[in-house]
1. Restricting attention to region 244-256, which residues are part of a loop (DSSP other than H, G, I, E, B) and surrounded by fewer than 11 Cβ atoms within 10 Å (Cβ to Cβ)?
2. Consider region 271-325. How many of its residues are of a type outside the set (Asp, Glu) and over 22 Å from Thr227 (Cβ atoms)?
3. Output the residues belonging to region 257-296 that are closer than 21 Å to Val340 by Cα, charged (D, E, K, R) and surrounded by 14 or more Cβ atoms within 10 Å (Cβ to Cβ).
4. Among the listed residues Arg169, Arg191, Arg138, Arg199, which satisfies the condition of being of a type outside the set (Asp, Glu) and in contact with a Lys or Arg (Cβ under 9 Å, 6 or more places away or on another chain)?
5. Tell me which residues, restricted to region 343-365, are part of a helix (DSSP H, G or I) and loosely packed, with under 15 Cβ neighbours inside 10 Å.
6. With Gln158, Gln195, Gln146, Gln163 as the choices, which residue is closer than 29 Å to Ile375 by Cα and free of Cβ contacts under 8 Å to residues at least 12 places away in the same chain?
7. Kindly provide the set of residues from region 356-393 that are closer than 22 Å to Leu320 by Cβ and free of Cβ contacts under 8 Å to residues at least 24 places away in the same chain, ordered by number.
8. Exactly one of (1) more than 17 Å from Asn9 (Cβ to Cβ); (2) surrounded by 19 or more Cβ atoms within 10 Å (Cβ to Cβ) is unmet by Ile108. Its number?
Amino acid sequence: MKPSILTINAGSSSIKFALFPLATPISPEAEVSGQIDGLGTSTTRLVAKNRAGERVADQIIEGDKVDHRAAFDALLQWFIGSYSGWKIIAVGHRVVHGGERYAQPIVIDNTVLGHLESFIPLAPLHQPHNVAGIEALRTLLPEVPQVACFDTAFHRSQPDIAQQFALPRSFTAEGIKRYGFHGLSYEYIARALPQHSHRADGRVVVCHLGNGASMAAMVRRKCVATTLGFSTIDGLMMGTRCGNIDPGLILHLMESKQLSVKDMTRILYKESGLLGVSGISQDMRTLLASDKPEAHEAVELFCYRIARELGSLAAAAGGLDAVVFTGGIGEHAAEVRRRVCLQAEWLGIRVNPEANARHDVFISAGNSSVDVLVIPTNEEWMMAHHAQTLLAL
């Protein structure tokens, strides 16, 4: 039996998974990866690809409104049928919130699970599903150790002042502060950057751009500031999320239009961002290909927000030595990178157009005083690495 580490990213309607062969070091490429979509609906589908990118699974999971337990059961049954020579010896979970308690990954036991449940009020749209995934696999794989890897942990190195809101101190004492997210992605970039730039330990801003988007400033590869704060709708404009917004506007809309908290949550999380501004799509590829002015405006606003935050984060870091683009948009949308860097030329950024169009790792021009790089992120490998390290496998 080949020992392996399973990584899980459980959401409300989908579960992303990857299986890594145990090795020293673990290969950055998973043996198989995929996702289960449509949880809680009448059609739940499991799709997976192997290391070569070939589809090895595409099946409907039987049952009406399949929950996390049933989805994981189907996933393990598929592994048994398709990868019978592999044995899962550890599971790494992406957990959105670690609160003030957890700044490092941790092996999950009853006490830890209780703490994770207590953080649900801090991330009500994400944490319950992370917990549901953990509970389901604890039942299905009771002898297999599980590790929680926190999206907030990387940002705990921020100075205390950078984590505070200007609210009454009693709220701060209750844990109301700027936590930041996408930490597994930033942690991976911090590890990979020295392979590509001698400025890795300098003042670096990483742009994690996808359907969920954020940016973070690092000094000596430690976070000093980030755009996401208490929730996952702060900072940058995203696929369907609004990003930074005047809190007074929220109060105004709720009062003038008689909107409930549930209504406002739907608007801010699901109906805003690229989708809301364009009225067309949340997919950057669709918007870049469109000739409609609304699509153009959505892309322009997206790039403007990134360029503006780049200046803010450079100030927090005390200067700028390198910029890294990652995430689905950051890695694949050359036009977005071009527009952002053009607006940031005042920071000394110059981009090589040909290298940018090829999606090279190093895309800055020879006369750029700032290194500009494109580095694919790998949150799944980060989870597998943490599980291996923490469990001494």
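The values are calculated or read from the model by the stated rules, or taken from the named source; none is laboratory data. All values reported here derive from a predicted model rather than from experimental measurement. All Cβ positions, glycine included, derive from the backbone under ideal geometry; neighbour counts span all protein chains shown.
1. Start the filter on region 244-256 by keeping residues that are part of a loop (DSSP other than H, G, I, E, B), which leaves 244-246.
Across region 244-256, the qualifying residue is only Asp246.
2. So the first thing to find is which residues in region 271-325 are of a type outside the set (Asp, Glu), and the list is 272-282, 284-290, 292-293, 295-296, 298-299, 301-308, 310-320, 322-325.
Then keep just the ones that are over 22 Å from Thr227 (Cβ atoms); that gives 279-281, 285-286, 288-290, 292-293, 295-296.
Result for region 271-325: 12.
3. Passing the criteria: only Asp283.
4. Working: Arg169 fails: in contact with a Lys or Arg (Cβ under 9 Å, 6 or more places away or on another chain); Arg138 fails: in contact with a Lys or Arg (Cβ under 9 Å, 6 or more places away or on another chain); Arg199 fails: in contact with a Lys or Arg (Cβ under 9 Å, 6 or more places away or on another chain).
After ruling out the rest, the residue left standing is Arg191.
5. First pass over region 343-365, keeping only residues part of a helix (DSSP H, G or I): 343, 345-347, 353-357.
Within region 343-365, Glu345, Trp346, Pro353, Glu354, Ala357 meet the criteria.
6. Numbers: Gln158 fails: free of Cβ contacts under 8 Å to residues at least 12 places away in the same chain; Gln146 fails: free of Cβ contacts under 8 Å to residues at least 12 places away in the same chain; Gln163 fails: free of Cβ contacts under 8 Å to residues at least 12 places away in the same chain.
Every option except Gln195 fails the conditions.
7. Asn356, Asp360, Ser364, Ala365, Gly366, Asn367, Ser368, Ser369
8. Of everything listed in (1) more than 17 Å from Asn9 (Cβ to Cβ); (2) surrounded by 19 or more Cβ atoms within 10 Å (Cβ to Cβ), Ile108 misses just condition (1).
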